[in-house]
1. Conditions: (1) within 20 Å of Val430 (Cα to Cα); (2) surrounded by fewer than 24 Cβ atoms within 10 Å (Cβ to Cβ); (3) not hydrophobic (A, V, I, L, M, F, W, C). Ser307 meets all but one. Number of the miss?
2. Quick one: which residue in Ala302, Ala344, Ala319 is in a helix (DSSP H, G or I), among the hydrophobic types (A, V, I, L, M, F, W, C) and in contact with a Phe, Trp or Tyr (Cβ under 8 Å, 6 or more places away or on another chain)?
3. So Glu406 ticks every box in (1) open to solvent by less than 10 Å² (accessible area, probe 1.4 Å); (2) of a type in the set (Asp, Glu); (3) modelled with pLDDT under 85 but one. Which box is left unticked?
4. Answer yes or no: is there a residue in the stretch 416-423 that is farther than 15 Å from Ile535 by Cβ, under 30 Å from the mean Cα position of the chain (by Cα) and among the aromatic types (Phe, Trp, Tyr).
5. How many residues are within 37 Å of the chain's Cα centre (by Cα) and open to solvent by less than 10 Å² (accessible area, probe 1.4 Å) if we restrict to the stretch 456-467?
6. Would you be able to say whether some residue in the stretch 202-213 is over 26 Å from the mean Cα position of the chain (by Cα) and acidic (Asp, Glu)?
7. All but one of (1) more than 30 Å from Met249 (Cα to Cα); (2) at pLDDT below 90; (3) of a type outside the set (A, V, I, L, M) hold for Asn361; state the number of the condition that does not hold.
Amino acid sequence: MTTADECDGTPSADRDASRQLNAASSQAASSHNQALPGQEQRQWSFSGQTLDSEADSPSLYNEKSHHDEVECKVESTPLPKRPSTSSRQTTCVSVAAAPYGDNYCCDLEKPITHGSRPRPRPRARSASTPSPSTTPTHDEDPSANLATATKTVSTDVDGNTYPEGGLRAWLCVLGSFSGLMVALGMMNTIGTYHAYLVTHQLSAVSESALGWIFGIYAFLSFFAGIQIGPIFDACGPRHLIFAGSVLLMTSQLLLGVCTKYWHFFVVFGLIGGLGTSLVFSPSISAIGHFFLLKRGQATGLAAAGGSMGGVIFPLVLQALFPRIGFAWSTRVVGLLDLMLLCLANLFIRSRLPPKPANLKNLLPDFLIFRDPVFALTTAAVFFVEWGLFVPLTYISSYAWEHGATEAFSYQLIAIVNVGSCFGRYLPGLVADRIGRFNTMILTVLLCMASTLALWLPARHSIPLMVLYSLVFGFASGSSISLTPVCVGQLCKVESYGRYYATCYTLVSFGSMTGIPIAGGILQASAGGRGYWGLIVFTGLSWAAATVLFALARGWGVGGGGELFIDP
């Protein structure tokens, strides 16, 4: 009996091979249809020696069957596959949305690379978005996290943010360090100028009258801040720092040609005081825009520049006075000031956008004294400054009066500022941990104890003079570095300049009157008894400051204070 297969003349063995090849082709085509959902797929059939295609509807995606079947009897490159929704790596949005092109036919068309499986591109994440996988994949670059890592940013109770570091913040600290090295360096050198003038150009002037030159200088250094602070809030520090630099350079260069009392009063007291204020207030206030948790540390580091200037300038003047004279010695210091002020003008910046320059922002607001914590803090700082400038002004004269050499008398000012250099940084570092007001109370108490226990009985004892200079310098350094930090806890950051300037407006009257009062006490009695009264006056000032700081701390934490003070 003849079958249809036999009639067409095809041998039986060929027919069997044809059936097997056709079955394998259908199986491969079915696998491809499962691998590419949503696209026009091609079903392949065998007819003689020709492959014909016809469209077929897409099948459901099955990644496991595709991987198992296409692992392949035929060498080809697997197509990029969409990851399933349960995949731990997400696909980049632009890749997931793009359709696969028609040039991808089936897995039989391209060569395969054995042992590798295509992996979808990872999604780009912001630095704040955590990766869904804790283990980085092969095609993720771990070093990229270093460039996109978020900075530590702190936020206060009012919602103000602080970067707590970064290049711009630390350059601002460097600029403040340089500016304060000039401004406070000049302030910390008044003892050297006093000791020289009282024996040279102004030897015929009374101690009380001579004290008014340095009293007016200290007064303007702080009093002018009542307007400088609000201008800083409205316009930023750039113009203020530049104007202060011009005035300080003018004062330093003209100081060498002064011969009469009113010359020194105008050049050092008025011009120097205004220039110091224009540099001092913005240098301190700008740091508060960048730091909150580290504000004590950053402010102390910048304020240490003032102590560094108080070490360098007296030693320079003491070495140059007998060699090149008073005039050229002050010009050499002026050249050092010029280099430091250039750094201050370059790097001191504010972070917050300037406020509109209207009367509300430019005029001080004395209504803030209604806050009892701020009022008590301001009164405490008043007594601190009342007693602070007395040792700085008279320690050299005291040593000279009690038998020390002229060179050693000048060097005592440098020794005070060596202690102050550490005292401005280390208490700020400690204050960030145990509390700013707590640290302020301890350092003011140490000032009082050292004044009454070391300076009062020192007389002709050189070791006691040196020990007092170091201890007092260390303890008094916090009066510059911690006062801005304590005031900064009582206000919002955008009002920081106004609060700080208003505080020092009242404090400036203590700075102005403290030195002349001490000079009057010294003039009222002769010899050691005069210095005894001066020392007691200083100790009582520190005692009053200790009590007021303790009251402010207690009111702010446990009383009716609106803002949290200490942890």
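The values are calculated or read from the model by the stated rules, or taken from the named source; none is laboratory data. All values derive from a computational prediction rather than experimental measurement. All Cβ positions, glycine included, derive from the backbone under ideal geometry; neighbour counts span all protein chains shown. For the accessible areas, the whole protein counts, side chains as well, though only heavy atoms, and no ligand, DNA or RNA atoms are used. Shrake-Rupley method; radii C 1.70, N 1.55, O 1.52, S 1.80 Å.
1. Here Ser307 meets the rest and fails (2).
2. Details: Ala344 fails: in contact with a Phe, Trp or Tyr (Cβ under 8 Å, 6 or more places away or on another chain); Ala319 fails: in contact with a Phe, Trp or Tyr (Cβ under 8 Å, 6 or more places away or on another chain).
Checking each option against the conditions leaves just Ala302.
3. Going through the list (1) open to solvent by less than 10 Å² (accessible area, probe 1.4 Å); (2) of a type in the set (Asp, Glu); (3) modelled with pLDDT under 85, Glu406 breaks only (1).
4. Within the stretch 416-423 (the criterion being farther than 15 Å from Ile535 by Cβ, under 30 Å from the mean Cα position of the chain (by Cα) and among the aromatic types (Phe, Trp, Tyr)), the answer is yes, since at least one residue qualifies.
5. Within the stretch 456-467, the first condition is being within 37 Å of the chain's Cα centre (by Cα), and the residues that meet it are 465-467.
Within this subset, residues satisfying the condition of being open to solvent by less than 10 Å² (accessible area, probe 1.4 Å) are 465.
Qualifying residue count for the region: 1.
6. Let us first name the residues in the stretch 202-213 that are over 26 Å from the mean Cα position of the chain (by Cα), namely 202-213.
Among the residues that remain, those that are also acidic (Asp, Glu) are: 207.
Yes, the conditions are met somewhere in the stretch 202-213.
7. (1)
To keep it simple, each residue is scored yes or no on (1) over 30 Å from Val198 (Cα atoms); (2) open to solvent by less than 40 Å² (accessible area, probe 1.4 Å).
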{"residue": "Gly215", "(1), (2)": "no, yes"}
{"residue": "Leu220", "(1), (2)": "no, yes"}
{"residue": "Phe232", "(1), (2)": "yes, yes"}
{"residue": "Leu253", "(1), (2)": "no, no"}
{"residue": "Cys258", "(1), (2)": "no, yes"}
{"residue": "Phe264", "(1), (2)": "no, yes"}
{"residue": "Phe268", "(1), (2)": "no, yes"}
